[in-house]
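This report refers to the structure that appears directly beneath it.
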Protein chains: 2
Amino acid sequence: MRPFLSGLLLLGSAIVASAETLPLPQSLIALNSAEGGRMLLSSEANADYFDLGIHFTNQVHPAFCGPATIAMVLNALEVERPKSDMTLGLGLFDQENVFTPETEAVKPRAVLERSGLTLDELAGMFGAHSVQAKVHHAEDSSLDAFRSAATASIEDDVSFVLVNYLRAGIGQERGGHISPLGAYDAETDRFLILDVSRYKYPPVWVEAATLFDAMNTPDSDNDNRSRGYLLVSR
Amino acid sequence: MRPFLSGLLLLGSAIVASAETLPLPQSLIALNSAEGGRMLLSSEANADYFDLGIHFTNQVHPAFCGPATIAMVLNALEVERPKSDMTLGLGLFDQENVFTPETEAVKPRAVLERSGLTLDELAGMFGAHSVQAKVHHAEDSSLDAFRSAATASIEDDVSFVLVNYLRAGIGQERGGHISPLGAYDAETDRFLILDVSRYKYPPVWVEAATLFDAMNTPDSDNDNRSRGYLLVSR
Ligand SMILES: [Ca+2]
Ligand SMILES: [Ca+2]
Ligand SMILES: [Ca+2]
Ligand SMILES: [Ca+2]
């Protein structure tokens, strides 16, 4: 994931004078556009959108797309939450308390801050929280298998689907990224990515085939195995 | 607002063993329930839901319902955002950078951490960010005027509506609270409160009359003037 860090730091400083977020390619539809909102309201699968959406969060570090996604999903799964005085004795997962001695054994935070998480490491982080995560490398899957598994997961009340894709593959800047899926619209064959990098992009509707191809890309941090998706459940 | 701090610290420690969040009264409908989700999908006004929902955030301090709400609304208004390295040269408002020398002059952060914000101080904080905020104390308004102004604001693309209410008035624990409204459902005459205290409660659909009465309560931190609502626009 390192290329996206250096690449974006450059890009960011070049264009921020004129834009709050980066420009979206025509092929993507923002959730907070008139069309994107209508798509959610008429989407064929959206159960997970509500459970994840109330825990939507923004990654607080350039390499924390994984930890932000983990916090959202652990909250949505209603895994027992770390208590704190700042939450009045109740609790909530955030991008600090997702790191534990068990996750350090999977990938030390200091290393994660430099290189992010691969798909397999992401699964390991959930395992460290005693949550099941099944890895599906895109190269071992297919568009139809992904579409079917992802829509079923969006509709069920026991699992969530997370995608690890190359941003450049969907027309965004630019490297590997991780976020959960919230909904599926059948007419347009698009999934809603709840992108955790809100300063860069809004949540977007992306064509299933485009997303699959962006997952079916080699990750040099993972022995060139392809990216893919994760099904996470308690 | 001080009573809610001490009251909740007690309550929190009493019940957390059995619940992730506090129990909701029957009169409220959680957004992430089957019924609450259907209400959003068929709501008569929901434009602001999308702009606010992508910036949904959780208050990071027991007294920060105001700063969390301010961050959400400044992001949704697309006010120029503070840039940082952690956002790759882009920017996003959060519960740290909403505090500025100008907001210190409205209410110092150290004081806010003890007593939160009144409705009038909330408006002052937006003013300190050069954003217009019109105060409507409930005692000077009416249920009909509130419903009409709030639904219009939810639908327009220039303003957002924020409510300052007594939680006990809607059957929650317990003191004064601040959050934005996201949607309105006509059949049930309910507003969707995008509650920024996600460790306590999910976003809820509340009857307009119940919410108005909970706003029409005296705030001892504000010379016993009533709570109310704020219309915020650029
Ligand atoms: Ca549809
Ligand atoms: Ca699911
Ligand atoms: Ca309706
Ligand atoms: Ca509006």
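The values are calculated or read from the model by the stated rules, or taken from the named source; none is laboratory data. The structure presented is a predicted model; accordingly, all values stated were derived computationally and were not measured. Heads up, the Cβs are rebuilt from the backbone with ideal geometry, glycines too, and the neighbour counts pull from every protein chain shown. In case anyone asks, the SASA skips ligands and DNA or RNA and just uses the protein heavy atoms, side chains included. Shrake-Rupley method; radii C 1.70, N 1.55, O 1.52, S 1.80 Å.
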Which of the residues spanning segment B:195-219 are part of a strand (DSSP E or B) and touching a residue at least 40 places away in the same chain (Cβ under 8 Å)? B:V204, B:W205, B:V206, B:E207, B:D219
Residue pairs, Cβ under 6 Å, 6 or more apart or interchain, first in segment B:126-145 and over 17 Å from B:Y165 (Cβ atoms), second part of a helix (DSSP H, G or I). List them. B:A128/B:E102; B:A128/B:T103; B:A128/B:V106
Candidate set: segment A:158-171, residues that are farther than 16 Å from A:V135 by Cα and either touching a helix residue (DSSP H, G or I) at 6+ places or on another chain (Cβ under 7 Å) or open to solvent by less than 10 Å² (accessible area, probe 1.4 Å) (or both); chosen: the one nearest to ligand 1 (Cβ to nearest atom): A:I170
Which one of these does A:V79 not meet: (1) touching a His at 6+ places or on another chain (Cβ under 9 Å); (2) surrounded by 24 or more Cβ atoms within 10 Å (Cβ to Cβ); (3) outside any helix (DSSP H, G or I)? (2)
If I ask for residues that are buried (at least 24 other Cβ atoms within 10 Å of the Cβ) and either over 13 Å from A:I70 (Cα atoms) or within 16 Å of ligand 4 (Cβ to nearest atom) (or both), which ones from segment A:178-189 would you list? A:G182, A:A183, A:Y184
Take the residues in segment A:47-76 that are open to solvent by 20 Å² or more (accessible area, probe 1.4 Å) and not aliphatic (A, V, I, L, M), then tell me which one is farthest from ligand 1 (Cβ to nearest atom). A:H61
Considering each residue of segment B:164-216, count those that are modelled with pLDDT under 95 and among the aromatic types (F, W, Y), and give that number. 1
Selection status of A:R174, more than 16 Å from ligand 3 (Cβ to nearest atom), within 14 Å of another protein chain (Cβ to nearest Cβ), within 17 Å of A:N216 (Cα to Cα) and open to solvent by 10 Å² or more (accessible area, probe 1.4 Å): yes
Failed criterion for B:G37 (all others in (1) more than 16 Å from ligand 3 (Cβ to nearest atom); (2) touching a helix residue (DSSP H, G or I) at 6+ places or on another chain (Cβ under 7 Å) hold): (1)
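Residue by residue, here is whether (1) open to solvent by less than 10 Å² (accessible area, probe 1.4 Å); (2) in contact with a strand residue (DSSP E or B) (Cβ under 9 Å, 6 or more places away or on another chain); (3) more than 29 Å from B:S197 (Cβ to Cβ) holds:
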residue: A:L90; (1), (2), (3): yes, yes, no
residue: A:T100; (1), (2), (3): no, no, no
residue: A:K134; (1), (2), (3): no, yes, yes
residue: A:D156; (1), (2), (3): no, yes, no
State whether the residues of segment A:195-207 include one that is out of contact with any helix residue (DSSP H, G or I) (no Cβ under 7 Å at 6 or more places or on another chain) and either within 16 Å of ligand 4 (Cβ to nearest atom) or closer than 20 Å to A:L77 by Cα (or both). yes
Give segment A:68-120 a look and list any residue that's over 20 Å from A:L52 (Cα atoms), of a type in the set (D, E) and either within 14 Å of another protein chain (Cβ to nearest Cβ) or touching a residue at least 24 places away in the same chain (Cβ under 8 Å) (or both), or say none. A:D85, A:E102, A:E113, A:D120
So in segment B:144-154, with the set limited to residues that are more than 14 Å from every other protein chain (Cβ to nearest Cβ) and open to solvent by less than 50 Å² (accessible area, probe 1.4 Å), which one is farthest from ligand 4 (Cβ to nearest atom)? B:A145
Would you say A:L192 is within 13 Å of the chain's Cα centre (by Cα), within 16 Å of ligand 1 (Cβ to nearest atom), open to solvent by less than 20 Å² (accessible area, probe 1.4 Å) and in contact (Cβ under 8 Å) with a residue 24 or more places away in the chain? yes
